[in-house]
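Note sheet for the following structure.
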Amino acid sequence: MMKSKKLPVFALLLLCGFTSTGQISPMLQQRMLRDVPIPVFVEFREQADFAGWKASWDKNRKAGFVLDRLQSVALRSQSTVRRKLDAWKAPYLSFYLVNALRAELSPWQIRDLAGHPEILQIAYDSPQSFHFPARDEFPALAARGPEFTWGLERMGVAEVWDQGIRGQHVVVADADTGVRWDIPALRAQYRGNQGGAIEHRYNWYDAIHAISPLSNGPDNPCGLDLQEPCDDHGHGTHTAGTMAGSIPDLNFGVAPDASWVGCRNMERGNGAPSTYLECFEFFLAPFDFDRSNPQPSLAPHVINNSWYCSLEEGCDTAVFPAMERAVLNLRISGVVVVVSAGNDGAHCSTLSHVPAIYDKSFTVGSIRKDDSISSFSSNGPVINYGPVRIKPNVVAPGSDVVSMLPDSSLASWSGTSMAGPHAAGLVALIISANPALEGQVEEIESIIERSAVQHIAPFDCWPSSGTDIPNNTFGHGVIHAGEAVRLAKNYVGNTDPESERWSLLPNPSYGYIVLEREFDEPVLVSVHTSTGQVMLRELAREKRWVVETANWPTGLYFFSGPGGRIQPFVVVE
């Protein structure tokens, strides 16, 4: 029975497991022993409610809807705390992709903020050092015409290009050490290059506003707060090249006719949760250099993330749910989030870093030229966050991958960082083959998994066997462009959006929720939490179905209906 009490709109979304006042993470408490300013990540209780969102919407409508809900919640719920920070003259940066902000605060200010009822928790915005892939210089090519890298050959890219499908009309994004935009391999594909007229606004953003305490030396070779793309290491240029790069002598970009946009989230390989989140927010709806006037219509179709927030480097586990929410919100807005699995070795449960561990990250491991798993490629299952889950989703070429560096030289690098952009480029080919898939994240990921070449793992990783598909070494298998494009062409989309419509009422749920649909066929439906825990998985046979939620923890849930379509809803006390 529905309870009679009602909560105001701003209290609809609560995470479970926290008290009525903000909490300080244990890692941050250790940093507070010294009376010096500390970078903190402040997470607010209220998060956006996406009730009314529909899977049948196009990508632009999804993105606009999500942006509007996120911004309104952040503007309303952060006002009191932001006024206090302004009075303190404390530097801070507000976010809306997740309702949070980054600030530099003294220990007494942190304790003061923790007492505010609007705040869920305060964590340490820990600096992170990324371990770059192994590299080898690539010898000069003889002038005998364009060749294909082994990775593109293994993926069957040539047969897709022969159909005229090369990623045209699709935008890929790179969150990394930056990108050198004006090198031969990437200049023409940069979205900011508009027929020779260069416009960097909305196509590039720099989330690096200060030198990382982990960097060697006080001077960044590119500088800070850049208004023109630059790469202070080379890693970002290499990964962007694998997605969309091309030169006359060598084909190494999966989707060379795609456009690319970029965001620097690491300063010479050193980032923080706030810099990662700031680039995610830019890709939700690209904004001007002062973060004003976000444009959801300019959001990319896919983001490559060849980085991690490492436990070994001190990533505060208290930020894990917020970073996961960022991934979920991007997916709901219609953006595919591709993540490299990590380079901690081909052993069970080495896949343990954010954001590769998340259920809704599309996680990519690495193979060698002989199709065996790369010795460095991290394996599942994920055991350190949420329910045990199989990872990676798929694998892709990641050993001895050739791409271009900022000085226009070619280099062969090895790492799951090199595998991820192969999968991101494949997303571009899929959408280019069938534009009806634009914004249909679940469908795109399902196509990549179903078209992958299956491989048996050389060992078992509890609780699954190496003979299972998916398994914790290869996932669903090695990605294959030819078969993926074939499946993409067969996708017809939701030709009658109302025929697959589900309604979930009441939202929020006060003890129960009613699922109603407008079609007759039995379908498999499921409900899972924001951390991936499955609360319900059944075959729905009736048009009207009442689900008891009285014993479910307070928080955000996701209903998955036909075709993997997702609809969020909230359970409150």
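What the table shows:
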read-out	value
Close pairs from the stretch 157-180: first more than 30 Å from P221 (Cβ to Cβ) and in contact (Cβ under 8 Å) with a residue 12 or more places away in the chain, partner of a type in the set (D, E) and surrounded by fewer than 24 Cβ atoms within 10 Å (Cβ to Cβ), Cβ under 7 Å, at least 6 apart	R166/D257; G167/D257; Q168/D257
Residue match in the stretch 411-432 (condition: in contact with a Phe, Trp or Tyr (Cβ under 6 Å, 6 or more places away or on another chain), closer than 19 Å to V171 by Cβ, touching a residue at least 12 places away in the same chain (Cβ under 8 Å) and not acidic (D, E))	no
Search result, residues across the stretch 289-307 that are outside any strand (DSSP E or B), closer than 15 Å to R191 by Cα and under 14 Å from the mean Cα position of the chain (by Cα)	A299, P300, H301
Qualifying residue in the stretch 263-284 (condition: among the charged types (D, E, K, R) and within 17 Å of I183 (Cβ to Cβ))	yes
The stretch 316-346, residues that are part of a helix (DSSP H, G or I) and either hydroxyl-bearing (S, T, Y) or not assigned by TED's automatic domain parsing to the domain that holds F282 (or both)	T317
Subset tally (residues that are of a type outside the set (A, V, I, L, M, F, W, C), modelled with pLDDT of 95 or more and touching a Phe, Trp or Tyr at 6+ places or on another chain (Cβ under 6 Å)) for the stretch 253-273	3
Options A244, A207; residue that is in contact with a Phe, Trp or Tyr (Cβ under 7 Å, 6 or more places away or on another chain) and at pLDDT 95 or above	A244
Sole residue being assigned to a loop (DSSP other than H, G, I, E, B), among the basic types (K, R), touching a strand residue (DSSP E or B) at 6+ places or on another chain (Cβ under 9 Å) and farther than 12 Å from G262 by Cβ, chosen from R187, R166	R187
Residue that is surrounded by the fewest Cβ atoms within 10 Å (Cβ to Cβ) [pool: residues in the stretch 255-275 that are outside any loop (DSSP other than H, G, I, E, B), out of contact with any Leu (no Cβ under 8 Å at 6 or more places or on another chain) and small (G, A, S)]	S259
Residue under evaluation G493, criteria (1) outside any helix (DSSP H, G or I); (2) modelled with pLDDT of 95 or more, criterion not met	(2)
Every pair of residues 6+ apart whose Cβ atoms lie under 7 Å, when the first sits in the stretch 385-408 and is touching a residue at least 40 places away in the same chain (Cβ under 8 Å) while the second is among the basic types (K, R)	P397/R154; D400/K369; P406/R180
Filter pass, I447 being touching a helix residue (DSSP H, G or I) at 6+ places or on another chain (Cβ under 6 Å), under 24 Å from G466 (Cα atoms) and β-branched (V, I, T)	yes
Residue list for the stretch 116-133, filter: charged (D, E, K, R) and within 23 Å of the chain's Cα centre (by Cα)	D125
Every pair of residues 6+ apart whose Cβ atoms lie under 9 Å, when the first sits in the stretch 220-239 and is among the hydrophobic types (A, V, I, L, M, F, W, C) while the second is surrounded by fewer than 22 Cβ atoms within 10 Å (Cβ to Cβ) and not in a loop (DSSP other than H, G, I, E, B)	none
Scope the stretch 308-343; condition among the polar types (S, T, N, Q) and buried (at least 22 other Cβ atoms within 10 Å of the Cβ); matching residues	N329, S333, S340, N343
Which listed residue, of G164, G195, is modelled with pLDDT of 95 or more, over 20 Å from the mean Cα position of the chain (by Cα), more than 30 Å from S310 (Cβ to Cβ) and surrounded by fewer than 16 Cβ atoms within 10 Å (Cβ to Cβ)	G164
Any hit, the stretch 276-288, residues being of a type in the set (F, W, Y), more than 26 Å from A396 (Cα to Cα) and either buried (at least 24 other Cβ atoms within 10 Å of the Cβ) or under 17 Å from the mean Cα position of the chain (by Cα) (or both)	yes
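The values are calculated or read from the model by the stated rules, or taken from the named source; none is laboratory data. As the structure is a computational prediction, the values presented were derived from the model and not from experiment. Neighbour counts run over all protein chains shown; Cβ positions are idealised from the backbone, glycine included.
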